[in-house]
Amino acid sequence: MTKGGMESVEVFTSEGKGRGLKAQKEFLPGDVIFAEPAYAAVVFDSLTHVICHTCFKRQERLHRCGQCKFAYYCDRTCQRAAWLNHKNECSAIKRHGKAPTENIRLAARIMWKMEREGSGLSEGCLVSIDDLQNHVENFGEEEKKDLRVDEEEKKDLRIDVESFLEFWPPQSQQFGMQYISHIFGVINCNAFTLSDQRGLQAVGVGIFPNLCQANHDCWPNCTVIFNNGNHEAVRSMFHTQMRIELRALSKISPGDELTVSYVDFLNVSEERREQLKKQYYFDCTCEHCKKQIKDDLMLAVKEGENKPSAETVKEVIQFSKDTLEKINKARLEGVYHEVVKLCRDCLKKQEPVLGDTNLYLLRILSIASEVLSYLQMFEEAADYAKRMVDGYMKIYHPNNAQLGMAVMRAGVTHWHAGLIEAGHGMICKAYAILLITHGPSHPITKDLEVMRVQTEMELRMFQQNEFMYYKMREAALKNQKIQVMPEPSNETAPSLFHKKE
């Protein structure tokens with residue numbers, strides 16, 4: 001079954017998993033298997049005035065819709081492109097007196113599109129919205145949920161449906177309560193997180209019916225990247241719209257199932273399975289979960305003569321968990337020197353006990369390197385970043401996007417610390433990964449290419465005359481304020497599918 005631009009994939013029934021996607025031809029790492037525009041998408045409530053409602057780019061100055069005073073756009077191009085989807089929303093917001101929540105706005109956009117096009121297959125879609133899973137009947141059914149939580153989810157659904165009915169205009173096509181519940185269930189299970197142009201912050205949520213068919217695997221052969229499109233080239237053949245791209249991470253043969261990971265791999269198999277069951281209502285049966293592959297690395301403890309006792313390991317893990325809670329609190333309050341102190345104290349306890357790839361050690365190293373870089377304590381940050389990257393390399397898939405981003409951050413930290421050889425090596429490694437996961441035209445890959453060229457030039461200068469290199473670097477940094485690292489984020493990298501909290 002193929003349709004409009006989707007000739008290279010086919011929907012099939014995957015044993016024990018329901019529908020899945022299968023490759024129709026061979027793909028190599030970095031190939032775009034398909035690109036899909038959103039069926040419907042909205043900006044998060046908290047960011048509606050700083051993110052363009054068409055392309056989801058973060059911009060300094062946005063133009064506001066003169067009618068509803070709610071939607072914001074980069075320019076006329078984005079505003080014109082949005083009108084078909086914004087027209088009904090615009091008048092409904094004016095009638096309602098205010099914009100509803102992102103969930104209600106997304107449901108309304110889906111239903112206005114159905115009103116225009118019908119609920120059958122849209123152009124380029126392999127499945128209709130009606131055929132997407134909603135799991136409404138699963139709310140609260142997983143084993144560890146108690147009745148109170150079950151009722152909480154059902155109550156949230158009732159509130160969403162009631163709020164939708166208040167917002168939905170009387171002149172629009174009317175839908176039954178059961179169908180509206182189905183749409184909210186579809187959003188809850190299938191919504192995809194949209195990121196800003198640098199891919200570092202989650203800024204919105206959208207429905208992509210073809211992407212929804214890709215099943216999960218903890219060690220997938222594909223990754224999904226959000227591409228904000230190119231509205232500046234509107235009059236040229238290079239004009240592209242906002243879309244997601246399914247990209248190959250490894251060689252894929254015709255007939256292979258196409259898989260993506262719904263969760264970060266950096267958790268032991270039991271925790272990943274719990275998370276998948278809780279959020280997506282299925283038991284993961286992938287090879288890495290069944291055989292607990294890499295769990296031993298993530299739980300590694302020091303070996304040799306001074307091997308710690310099981311009791312000591314248990315104490316250090318508990319201390320690490322308690323410290324991570326304190327760190328989260330200190331980060332929320334912006335007390336970064338306290339975060340550094342907590343990290344140093346925790347590392348002192350961890351280092352004699354935990355192995356180099358232990359999850360808890362890697363989490364503390366990651367936070368310490370990020371916060372110390374922000375505080376411009378680059379040498380200490382670089383040491384932690386190097387250890388973190390060494391651990392990640394042994395755990396993550398070699399073409400994992402989060403690995404690529406971590407190596408890039410570590411490379412920049414080493415450059416700031418004046419460690420040009422290690423910094424250039426890491427930036428080259430990150431560039432090789434992001435070329436596959438993000439592609440050469442993604443803004444973050446382009447930024448990395450500039451860094452790669454600059455550090456290569458500096459490395460040549462360093463190798464020719466080390467003394468002169470440091471003299472020139474010192475002079476350059478005096479004249480030009482060193483680039484301050486971005487403030488540490490309290491969020492993890494945007495996850496693949498968006499879950500309503």
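The values are calculated or read from the model by the stated rules, or taken from the named source; none is laboratory data. No experiment lies behind these values; they were computed from the predicted model shown. All Cβ positions, even for glycine, are placed from backbone atoms using ideal geometry, and neighbour counts span all protein chains on display. These area figures cover heavy atoms from the full protein model, side chains too; ligands, DNA and RNA do not enter into them. Shrake-Rupley method; radii C 1.70, N 1.55, O 1.52, S 1.80 Å.
Things worth noting here:
- Taking a ≥ b ≥ c as the square roots of the eigenvalues of the alpha carbon gyration tensor, the stretch 297-478 is prolate, as a/c is not under 1.5 and a/b beats b/c.
- Accessible surface of residue 219 - all protein chains present, 1.4 Å probe, nearest 10 Å²: 70
- Database remark: amide H of residue 301 closer than 5 angstrom to the amide H of 355 (H placed geometrically; neighbours at sequence offset of 5 or more, or on other chains; Pro and chain starts carry no H).
- Among the listed pairs 329/349; 277/341; 69/278, a Cα-Cα separation exceeding 32 Å is found for 277/341; 69/278.
- Which label in (i) 39, 29, 19; (ii) 40, 29, 24; (iii) 47, 28, 23 gives the computed semi-axes √(5λ) of the Cα gyration tensor in Å: (ii)
- Against the main long axis of the alpha-carbon atoms of the chain, helix 269-280 sits at an angle near 20°.
- Relative contact order [Cα under 8 Å, 6+ residues apart], the chain, whole percent: 16
- Surface composition of the chain: carbon and sulfur make up 50 percent of the accessible area, probe 1.4 Å.
- Computed from point charges on the beta carbon alone (+1 for Lys and Arg, -1 for Asp and Glu), the dipole magnitude for the stretch 297-478 about its Cα centre is near 220 Debye.
- Nearest 10 degrees, 0 to 90: helix 359-374 Cα axis against the chain principal axis: 80
- Taking all protein chains together and a 1.4 Å probe, the residues 22, 94 rank 94, 22 from largest to smallest accessible area.
- Theoretical FRET efficiency, 1/(1+(r/R0)^6), r = Cβ-Cβ of residue 17 and residue 377, R0 51 Å, to 0.05: 0.60
- Taking label positions 7 Å along the Cα-Cβ direction at both residue 464 and residue 270, the computed distance is 5.9 nm, reported to one decimal.
- Rounded to 0.05, the FRET efficiency of the residue 345 and residue 115 pair, given R0 = 60 Å and the Cβ-Cβ distance, is 0.55.
- Antiparallel bridges, percent of DSSP beta bridges restricted to the stretch 9-266 (to nearest 5): 95
- Exposure rank, largest accessible area first [39, 374; 1.4 Å]: 374, 39
- Over the residues of the chain, the helix contribution to mean residue ellipticity at 222 nm works out to -15500 deg cm²/dmol, using -39500 (n - 2.57) for each DSSP H run of at least 4.
- Accessible-area value, residue 245, 1.4 Å probe, nucleic acids and ligands omitted, Å²: 10
- Around the Cα centre of the chain, unit charges on the Cβ atoms of Lys, Arg, Asp and Glu (plus for the first two, minus for the last two) sum to a dipole of about 1460 debye.
- Dipole size of the stretch 264-335 about its Cα centre, with +1 on Lys/Arg Cβ and -1 on Asp/Glu Cβ: approximately 200 debye, rounded to the nearest 20.
- Förster radius 35 Å - calculated FRET efficiency between residue 395 and residue 449, Cβ distance, rounded to 0.05: 0.85
- Database remark: amide H of residue 191 closer than 5 angstrom to the amide H of 498 (H placed geometrically; neighbours at sequence offset of 5 or more, or on other chains; Pro and chain starts carry no H).
- Between the listed residues 52, 320, 228, the Cα displaced farthest toward the positive end of the dipole of the chain, a dipole computed from Cβ unit charges relative to the Cα centre, is found at 52.
- Distance from the stretch 298-331 to the stretch 393-435 (C-alpha centre basis), Å: 26
- Largest-first ordering by accessible area, 1.4 Å probe, given options 405, 111, 393, 472: 472, 393, 405, 111
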